[in-house]
Every structure is written in C-alpha cells, then in structure tokens.
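The values are calculated or read from the model by the stated rules, or taken from the named source; none is laboratory data. Predicted model only: the values in this text are computed from it and were never measured. We place every Cβ from the backbone using ideal geometry, glycine too, and count neighbours over all the protein chains shown. Surface accessibility is based on the protein's heavy atoms, side chains included, excluding ligands, DNA and RNA. Shrake-Rupley method; radii C 1.70, N 1.55, O 1.52, S 1.80 Å.
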Amino acid sequence: MTTDQFQTSCGCSDYDEARTALSRRALIGTALAGGAIALGPSLGGSGPRAYAVTGRPATRLANPAGSVLVLLSLRGAADGLSLVVPHADPTYYAARPRIAVPRESLLAQDAMFGLHPALAPLLPMWEAGTLAAVHATGMATPNRSHFAAMEAIEDAAPGSTARNGWLNRLLGELPGVSPLQGTAMGNQVPTSLFGTNPAFVVGRVDNAKVAGTEEDGRRLASLKHAWKGTGPMSRAVRDAISGAETFGAARDLPAGQPATAYPGSGLGKALSDVSRIVRSGVGAEVITVDQGDWDMHTDAGTVEWGEMKRNAGDLAASIAAFFADLGPAADRVTLVTLSEFGRRVKENDDYGTDHGFGNVMFVAGAGVRGGRYYGSWPGLANSLDSDLLVTTDYRSVLTEVVTRRFGVSVAQVFPGFAPQAVGVMA
Amino acid sequence: MARNTAGLLTPAQRHLVTRFGYGVDATLAEDVRRAGGASAWFELQLTRPGAFPDGAAEGVRRWWPDLDRGPAELWKRQVEEVRGGWEVMEDYGRWLLVRRIRTRRPVLEKMAEFWEAMLHVPVSGDAQFTWRVDYGDTVRRHALGRFDELLAATTTHPAMLIFLSGATSTKRAPNENLGRELLELHTLGTGNYDEDDVKASARILTGHHVDLWETWKASYVEEDHYRGRVKVRGFSAKNAKADGRRVTEEYLHYLAHHPDTAHHVCERLATKFVRDDPPQSLVRRLAKVYLRNDTAIVPVLQALVASKEFRTSAGDKLRDPSEDVVATYRALGVEVGRPRSGDSGANAILWQASGLGLSPHAWPRPDGTPVRNDVWASPARALGSMSMHWSMAGGWWPTAELDYRTPSAWVPAKKPIRFADLVDEVSRDLLHRPASKHLVETACLATGCGRKEKIDREHGLYQWGFPRLLAAVLDSPDHLAC
C-alpha cells in the first residue's frame, strides 16, 4: 500500500483503528503474495547452461563516507502553521479559534515559534542540534493545484520545458556510478528524480529482485534482449535489472531495531528500508520518500484528536527511529521535508484548512545547525484569502543542503536561481 | 478455455480490440468475426452492448455479497467488527478484475474504468467506502452516455461529496476541496480558472449533505447553502433561493458544455486511447465532436477510432498494472473460479495488481489512475510485472480455485514440433499475433533451445522448462504494450 495518500477522515478513534487495520492487512496480504511466489519450484538443470550465473556486482558507494540526501515529501500540502506554530503572532489564534495549537502545549518554544506536541519524538534531535525548521518557505508565486504545484516544485526549473527534476540534475553532478545512486521508495519515479539520469524505484527492499533468476542467467539474458529498445519501459527494465543486482547487499542486511521503534505506518516501513539501503552501502546517495494524507480540508482536528495529530506523530516517530537506526551512518545523512504548498491561515468550518501558500521545511541530520528556527516571519492576516507569505524560496534551503553536503554548483541544480543565505547548514 | 487457434484478426483489427479491450482471446476473436469485423464489433459495443450476452461476467458479482449491501448496513457491520470497510473495498477491486477477465463487453467496461479514474473516488479511503460501490455502478450506467449527465450524477454523489469534503461544507466557511477539483480535474483543467472561481464553485456546492458516521443518508440542507450572486468563468446565477440544487444543476451543465471541458475530457481520452502527448489537432477535432453532440460520448469515441492518429498508434500504450494482470489471465487462459478462501485466485488477484504498483481505483490522490505510460514505466513496475508473469507462467501462485493450462495445450502428443514453430503457436495463442523473429530469439535465450530444436513430450522444455517460454512471451513488449 502506498503511503502517498490524501486524507478524508472523521476524527473518531474507532474508525482510525479500522484504517490502521486496513493498511496492516493490505501489507500482510502483499507479503504473503511475495512469499508464495518465492515457493515456485526450481527450474535448474533444464537445457544447456549457456550463460553465466548472475553474480552480484561489487558496485559500492564511490566514497563510503559520502553524503546521502533523503527528500521526504509531505504529499497533499502539509499545514506548516500547525507543525511549527507562530505562537507570538496573535492573528494565528484569532484565525483558528478551534484548531489552533495552544501555546502551553508547544515544544521547543522560542519567542515566536514552537513545535506541535505530536512532534515530541523529535525533541531529542532538536535539543542535540541536529534538527532545524525554516518557516515561510515555498515557491515564488502561489500555485494551489496539488498536481501543478508538485510538478513545479520538484522540477524546480521555471521556464524550462525539459523534464528533468532537480534531484535528477543533482545526480548528474555526482561522481558515483551505482544504478541506485538515485532511488525512490514507492512505485513511481517522482518528478524530482525523473529525467535523463537513471533512477531506481523500490516498494520494499525485500522485493527488489528479478523473479526466476536464481538458477542461471537465461531469464536476464532474454529480458535484456526483449527490451533492447529506447522507449521508457525498455529503460525501466534495464534499470530494474541492474538495480536489483546491485541491491543484494541491502536485501541481505536485516532491518534495524532502533531503541525508538519505527511506527507500523507506511512511512515507518519506508524509512526502515532507507536505513537498510544506506547502511548496506549500495551507492544510494539521493533517496526520495513520501508521506501522504496531508490534504486536511476536514478533520485536521485539535491537539486531542484528528489527522494532524496522527500524521505529525507518525512523521516525528518515523524520523526519530530512522536516525537512531542509522547509527554511525547518521553522520552522512541529511533529511529534508518538502510539501507542494502550505495551507491558508484561516480555518474552515470542518476543522480543516484549504489550499494556501507558504510552509515550513524541516532539515535534519548531518551538517544541520539545529535547535533553532530559521526564516523571516512575514506576519499573518486574518481573512478568507490570507496566506502565510513566502519569504524564503525553498530552493535556497535546498541549495545550502546540496552545496554544503555534496559540494556541487547550484547553477546546474537550480538553473538561473540566485539563492539567499539561510544559515541552516554548517 | 479453448485454445486460440482459429485464424488471427488482421493487425488493424487486433489493434482496435486490444486498445479497447483487455486482451484478445478466442471468445473475443469470435465475437469480432461474428459481428463482421472490428469496426462493426466496436459499433455494436458502443451502441448495443447488450448484443453480447455477458452472463459469465455478470454472475461474478454474487461471489462477493457485500457489494450489494447499503451504506448503513456496511457501516453497522464495520462498527460491529463483522467485516471492515476496507475488506468490502478489496472485494470491489476483485470484482472489477475478474469481471474484466470474463466480460464480452470490454468497451463498456473500459469506459466505466476510464470515467471512474477521471472522476476519481479512491477505494482506499475512509468514510466513502459506504457509498463506493454505488458510485461505481452510477458511473457504469453513464459510461457510454453523455458527459453532462455523468458529471451531474458523480459530483453530487455521496461518495464524491464525502471524499472531497462536500458532504460537510457549509456557507459559514465553504470547504474548497470539491469546488476546486471539480474545476481542475473533472472539467475545465489546470490554469483555466482562478481563485475567485474556486470560492464561487465551493459556494454553489454548499447544501449537499451526507449524514456521516450515523445513517449515511444523503440530504439537502437549505440552511447550509450559501445564497447570493455567484460567478464562475462565464457562469453567473443570482442563487437567491434557499434550495440551491437547481443552481448546482445549471452550473454542472454549464461546466460540462464548456469548450475547456471539451478539451480537457478529449485530451484525457486521447492520452488513454491513442498515445501520450496526443497531437493537439486531434484533441481539437474530438472536442468539436463532443460539443456538437451535446457532450455525448459515443460520437467522440467513434471519431477517435476513425482518426489516423489512432490507427497508427498500435503498441504505443503500456498496459497499466491492472491491465497487465487481467491481460495475463486472459492470455494464459486461466479459469477463475468462485473464491472459497482468502488465498483463492479470485481474491489473490488483488495482491497481484498491487504488487505491480496499483490495484483498481486505489490511486491515493484525487487525480485518479494515471493514463500516461511514464508513470508505469518504472523499475518497480518492471520487477513487479516480471514477478507476476513468472509465477503465473509456472502456475505456482496463486493456485486455489484456478485452472491453468499445461504444456500439453501446445506441445502435440505424437509428432515433435520445431521450437520456432512452438513459439509461434504460443504467441498466436497468448498474444493473438505471429511470433516475430525478435520474440523467437528472446525465447531461445530464455529456454536455451535452438530455433530448429525438436520439442516433444520427452523434452526438458515440456517436462519442466515450459514456464520459461511462457514467461518470456508475457515479459515481452508484445504483451506489455498494447
């Protein structure tokens, strides 16, 4: 089951339990299917062995100490005003009489901001200085279409018609050679990774193999022959084959058991797999992960109940478990959250918010100057239309991450963009 | 199922019935021949689908009795932990998949699938499961009718109201979710409206209500309806009455007949049924037909199929995950029986589709199952397809209540057959086309057999290697593209 889900939900806990059960059951079913397939009888011994047994290439990270960027997309447009609350802006409480997060419940408060209480699992990282937030970020102009905004923010090259996402352009600047250099967790290549450089996509690490290739190389040889062409599927098949071959070390590595456990959510499972990929050193340097369900037009709720509490709690517990699980590898990994746009300042009549503009970005892990809030606060207005205005282009935050961690030139990754200094990365 | 050994349809005929069907098997080929060719078959499918008796597909619905329970009963059973809504939604996906395997009315089925994806209410959601089967049935009734009627039936359907927050939207602070996606996804398309249009659209739609978490009854609540002048693009209404349903009707009628809607709908049709990035000249032509015919769908499909762009697009579309699964069952001639356990093929087929990336209508976002190839041309999809083809070719999983054919269906009992001829037989049977030289080469690599090698029932290929041949055919572009 994909984690990329928009939400529509009540706030009642019974139903939320049923939903969790749904996800759980669906995953069990899928796992069962995978296991059953593996039980198919061996075909070994048939015909001449004309092809070499498929080996596991020794491709590894060009630089085992190299950096890894995890881009975590909060799909559906997260409400940054609930995640990082501007408690000192009186308009916030006036505009949200029912869903505002009370000041006394906020964590990690400074004079202006505080974290949603459901983010408590991240407090140790905040206090250790490995987690920061940049507020009032986004694109230069509002775009309230989920689909157009996702394309624009992930392509990140306004005016260009080339279908190359910013992470795909980043791949082009990195020296590595692994077919897993750019890896997406899920089923589809996200726009950010789409482009001329190969991208591997994987649902679950354990499934990232070509069925029927255990005995000899015949199936792979026939697949390569069948898909010699230049079309997108030919490329996907070839990337699948080379990626799955390289992926062996990650499949062989058992899942970590961090002291703070992963939630059973799709995000928790995905980040657990990302940790395996990173720790196994198979050469993944840019990894994308999605968390859905942020489109909270109804039942975002309060600190006691609702989608915000649930989603924020899942986000925080998953990230906390991920960095704990990475162990020493955490020194190489920087995680950034990004959403296609933010929500409006004023709440609607359904304990929710409609499509807006500015948002918050979290930056966590290696190289982060954490424990503080960045960005310039524009102040809020309380009308039906009012938005959190964008004072920091999201590309400025990403620029700091990629230039400081990968030493690449911003001109290639964000063509024509002149970044402003944010200060979030050392 | 009988082997597909009768004469092949011509390539042009095969193209039409493949693009608008779920894979050519013997029954479909016979239907086409009896109708007097693919064009005549298509015309009948559009205008008189009842001419094709479909008992085998219709009867499948009884396998999953929850599909015919009402919203209140489904909810009661969920609360009382008799059966979760998510399980009912799984049944819905299974029903669709098995129906698509069996149906002799693939054009109706395909169009129901198309509209259900465009006017999308995901099955993997929350409250809307109570109304979701009824929603699908509603779409199916209009699938070959008129878009204006389809739009009216779907926009105010309880499932859509629940999914896009219309069910609880009120005049006090109208929820913009449905009003916006109606404009962006269902009618005018991105960039053809502004934020004031969204607000007015949301205001018009206030008043439509569903009693969530209680009776699940739909009603119209006059005191929730926003009153006062509303304007969306060229649509304007005084909207003075407490009952705004008439304004909703007029608004949806206006949207359905808007040239931007015509373009948006026809572009999606052409993307699905012709090719990705279809020529704008074709889209414009289809949009004209749509408007000239008062949003009737059949003339648009007739024009689409008659176009040069369609005729020259054979093989340009990649089957999506569900299409791949259904086509694989049809190609292999696997008989699906009534499920008796969770592991039965008719149940497990849903995991097969999700293993390829998506089960029917489970796309989590309101934009619905994508109709472009590039979304599905991913390494994860490739690995999923190869895994499913491999297990089906061997008949290893699923197995319960399924009947697979064995190699004896292809390898003659008495006289040996040359390997290249055998590949040709298998290709004609599975794909309804002769084996290309490329496919024969692929099959040689897959099995280790030479082109002229004689295959009989003592041969290793027959004894235990046959899944390699079937998988090579199913893994090929000849099967994955349509």
Next item on the list: List every residue pair whose Cβ atoms sit under 7 Å apart, with the two residues 6 or more apart in sequence or on different chains, where the first one lies in the stretch B:361-372 and is at the interface with chain A (Cβ under 8 Å from one of its Cβ atoms) and the second, anywhere, is assigned to a loop (DSSP other than H, G, I, E, B) and open to solvent by 30 Å² or more (accessible area, probe 1.4 Å).
Entry: B:PRO364/A:THR2
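Only helices (runs of 4 or more DSSP H) wholly contained in the stretch B:1-66 count here; list those with 3 or more residues that are open to solvent by 60 Å² or more (accessible area, probe 1.4 Å).
The helices (runs of 4 or more DSSP H) meeting that bar are B:26-35, B:38-47.
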Next item on the list: For residues that are more than 9 Å from every other protein chain (Cβ to nearest Cβ) and under 13 Å from the mean Cα position of the chain (by Cα), tally how many sit in the stretch A:183-212.
Entry: 6
Notebook entry, point to check: Just one of the numbered conditions (1) over 23 Å from B:HIS258 (Cβ atoms); (2) among the polar types (S, T, N, Q); (3) more than 11 Å from chain A (Cβ to nearest Cβ) is not true of B:THR168; which one?
Noted result: (3)
Check: If a residue has to be buried (at least 23 other Cβ atoms within 10 Å of the Cβ) and small (Gly, Ala, Ser) to count, how many in the stretch B:320-376 make the cut?
Finding: 12
Next item on the list: Any chance you could count how many residues in the stretch A:378-426 are assigned to a helix (DSSP H, G or I) and either of a type in the set (Gly, Ala, Ser) or surrounded by 14 or more Cβ atoms within 10 Å (Cβ to Cβ) (or both)?
Entry: 16
Notebook entry, point to check: Only one of (1) assigned to a loop (DSSP other than H, G, I, E, B); (2) within 7 Å of another protein chain (Cβ to nearest Cβ) is not met by B:PRO174, so which one is it?
Noted result: (2)
Check: Which residues, counting only those in the stretch B:437-461, are surrounded by 16 or more Cβ atoms within 10 Å (Cβ to Cβ) and not in a helix (DSSP H, G or I)?
Finding: B:GLY448, B:CYS449, B:GLU453, B:ILE455, B:HIS459
Checklist line | Answer from B:VAL247, B:VAL232, B:VAL221 - the residue that is modelled with pLDDT of 95 or more, among the β-branched types (Val, Ile, Thr) and buried (at least 24 other Cβ atoms within 10 Å of the Cβ) | finding: B:VAL232
Next item on the list: Could you look through the stretch B:382-405, keep only residues that are touching a residue at least 12 places away in the same chain (Cβ under 8 Å) and hydroxyl-bearing (Ser, Thr, Tyr), and pick out the one that is least open to solvent (accessible area, probe 1.4 Å)?
Entry: B:SER385
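Yes or no, residue by residue, for (1) crowded, with 24+ Cβ neighbours inside 10 Å; (2) out of contact with any Gly (no Cβ under 7 Å at 6 or more places or on another chain); (3) of a type in the set (Gly, Ala, Ser); (4) modelled with pLDDT of 95 or more:
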| position | (1), (2), (3), (4) |
| --- | --- |
| A:MET185 | yes, yes, no, yes |
| A:THR213 | no, yes, no, no |
| A:GLY217 | no, yes, yes, no |
| A:LEU223 | yes, yes, no, yes |
| A:THR230 | no, yes, no, no |
Next item on the list: Kindly indicate which of A:GLU127, A:GLU104 is surrounded by fewer than 17 Cβ atoms within 10 Å (Cβ to Cβ), in a helix (DSSP H, G or I) and without any contact (Cβ under 8 Å) to a residue 40 or more places away in the chain.
Entry: A:GLU104
Next item on the list: Please indicate, with yes or no, whether at least one residue in the stretch B:81-98 is surrounded by fewer than 21 Cβ atoms within 10 Å (Cβ to Cβ), more than 29 Å from B:ILE297 (Cα to Cα) and among the hydrophobic types (A, V, I, L, M, F, W, C).
Entry: yes
Check: Which one of these is part of a helix (DSSP H, G or I) and either touching a Phe, Trp or Tyr at 6+ places or on another chain (Cβ under 7 Å) or farther than 27 Å from B:ALA296 by Cα (or both): B:ASP137, B:ASP91?
Finding: B:ASP91
Checklist line | Among the candidates B:PRO434, B:PRO412, B:PRO407, B:PRO467, residue that is farther than 21 Å from A:ALA221 by Cα and either touching a Pro at 6+ places or on another chain (Cβ under 9 Å) or within 14 Å of another protein chain (Cβ to nearest Cβ) (or both) | finding: B:PRO407
Next item on the list: Check off (1) closer than 30 Å to B:LEU304 by Cβ; (2) surrounded by fewer than 23 Cβ atoms within 10 Å (Cβ to Cβ); (3) away from chain A (no Cβ under 14 Å); (4) not basic (Lys, Arg) for B:GLU73 and give me the number that stays unchecked.
Entry: (1)
Check: Quick check, is B:TRP390 within 11 Å of another protein chain (Cβ to nearest Cβ), part of a loop (DSSP other than H, G, I, E, B) and of a type in the set (A, V, I, L, M, F, W, C)?
Finding: no
Next item on the list: Could you name every one of the strands (runs of 3 or more DSSP E) located completely within the stretch B:181-246 that has at least 1 residues being within 14 Å of chain A (Cβ to nearest Cβ), closer than 19 Å to B:THR170 by Cβ and touching a helix residue (DSSP H, G or I) at 6+ places or on another chain (Cβ under 8 Å)?
Entry: B:208-210
